Each structure stands twice: as C-alpha cells, then as structure tokens.
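As structure tokens, the structure follows; a few thoughts come after it.
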Amino acid sequence: MNIKQGLCLLALMSASAVASADLVVVANPGVHFNSLPQAQVTRLFLGQTNNFPDGSAAQPLDINNAGQRNTFYENVLKRSPEQIEKYWARMIFTGKAQPPRQVRANEIKALVAEIPGAISYIDSSQVDASVKVITVTP
C-alpha cells in the first residue's frame, strides 16, 4: 500500500467513525424539560420556531463538522443534507429565516452549557453534568 492509498483508507475510516457516532441532543441545564418531540426539534433547527413548548426562548446551535451535522439531519430531522441545503437557500433568499449558528465541534458543549436556552447535539461520549441530555420522542 502506498501513502496515497493509506491516506484514503484513513479518511474512509474517519468518515465511517463520524457517520456511526452516537449523537445525542443536549440543551442548557437550565431548561425545564427532559424530552422534546422530534417534530419540535425539527422546527427549532429549521428556524420555524424560536421557542420551546413551554414558551421559553430556544437557541439552536449547529456543529460545523459536516459528518456529525449530516448524521443529525438524517437521523433526527429526517432530511438529507441536500434537502437541508435547499431549504436554507430558500429561507435565506426570501428573508424568512437564518440557519442556526454553526460552531466548531470542540466548542459546542461549552456554548450549550453557557447560553440559556441553547440546544444542539454532541457525541454521547462527551456528555457530562455541564449539559442536559434531551430525549427526542417520535
């Protein structure tokens, strides 16, 4: 195996690890709920609402890592990355909404812990007491 083949193999293994990552939805520990319907999470991340069901303000944050973000879109929002991209192009063009702020994966947990009403997703191995895991119900 030459260096180029080795790098390709490493890239494929890394992409596979990200794609199979066990992502969980997390929120600022100050939120007053432990679960959200999948439809509500979708509305939050598509800019269709700015509030949680209890009326409190929500601040969705997206990860700028395409692998994790695409896994979240497909598994939680039930949309392909292409569908999300087209959706946001239309929303931005018409001035109806702006996509969630994108944050580096290594900063997301700290921001969720810091910002009241923040909601995002992280690998389950990163969960600690600084964030609240939110169960997404069908």
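Restricting VAL25, VAL18 to residues that are surrounded by 13 or more Cβ atoms within 10 Å (Cβ to Cβ), of a type in the set (Val, Ile, Thr), modelled with pLDDT of 95 or more and outside any loop (DSSP other than H, G, I, E, B) narrows the list to VAL25.
Of the set (1) surrounded by 13 or more Cβ atoms within 10 Å (Cβ to Cβ); (2) within 16 Å of ALA27 (Cα to Cα); (3) among the hydrophobic types (A, V, I, L, M, F, W, C); (4) at pLDDT 95 or above, all apply to ALA105 but (4). Filtered by the rule that a residue be farther than 15 Å from GLN48 by Cα and touching a Lys or Arg at 6+ places or on another chain (Cβ under 9 Å), the range 75-96 gives a lone residue, PRO81.
Please verify whether the range 120-137 includes one or more residues that are at positive phi, over 16 Å from the mean Cα position of the chain (by Cα) and either free of Cβ contacts under 8 Å to residues at least 24 places away in the same chain or assigned to a helix (DSSP H, G or I) (or both).
From the range 120-137, those at positive phi are none; that's our starting set.
No, the conditions are met nowhere in the range 120-137.
Selection of first residues in the range 40-66 that are farther than 20 Å from ASN106 by Cβ and assigned to a loop (DSSP other than H, G, I, E, B) and of second residues that are charged (D, E, K, R) and modelled with pLDDT of 95 or more, restricted to Cβ pairs under 7 Å at least 6 apart or on distinct chains, gives the following pairs, ordered by first then second residue: THR49/ARG43. Only residues that are part of a loop (DSSP other than H, G, I, E, B) and either under 17 Å from GLY47 (Cβ atoms) or more than 15 Å from the chain's Cα centre (by Cα) (or both) were counted in the range 78-118, giving 11.
The values are calculated or read from the model by the stated rules, or taken from the named source; none is laboratory data. These numbers come from a predicted model, not from an experiment. Heads up, the Cβs are rebuilt from the backbone with ideal geometry, glycines too, and the neighbour counts pull from every protein chain shown.
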